[in-house]
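Structure record follows, encoded as structure tokens.
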């Protein structure tokens, strides 16, 4: 399931794609995003890279799966492991 941030990112990526298809210049797209998103706006260079990638067909608004760290490392097993470590550490510290 997509998170709120994922949905937000998809929306502004779609906005940039549609504006690029309409042949709106990246500087104008950036200006519009700045007005809409304020401090959450991507950088001008990021908008320019996206526009160039979309024009050339090398970019897509959907993120492809990437290798590396998983999206979320919070699991019940991880929580139990951390709680165990904390309890053991606090027990050791209280003996000292």
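Take 35-46, 81-92 and order them by the average number of nearby Cβ atoms within 10 Å per residue, most first; the result is 35-46, 81-92. In plain terms, the chain from residue 37 to residue 14 could stretch by 6.9 nm, reckoned as 0.36 nm per residue minus the Cα-Cα distance. Between residue 91 and residue 22, the simple spin-label model (points 7 angstrom out along Cα→Cβ) gives 6.4 nm.
Here, each number is a calculation from the coordinates, and none is a lab measurement. Keep in mind the model is a prediction, meaning the values are calculated, not measured. So basically every Cβ, Gly included, is an ideal-geometry build from the backbone, and we count neighbours across all protein chains shown.
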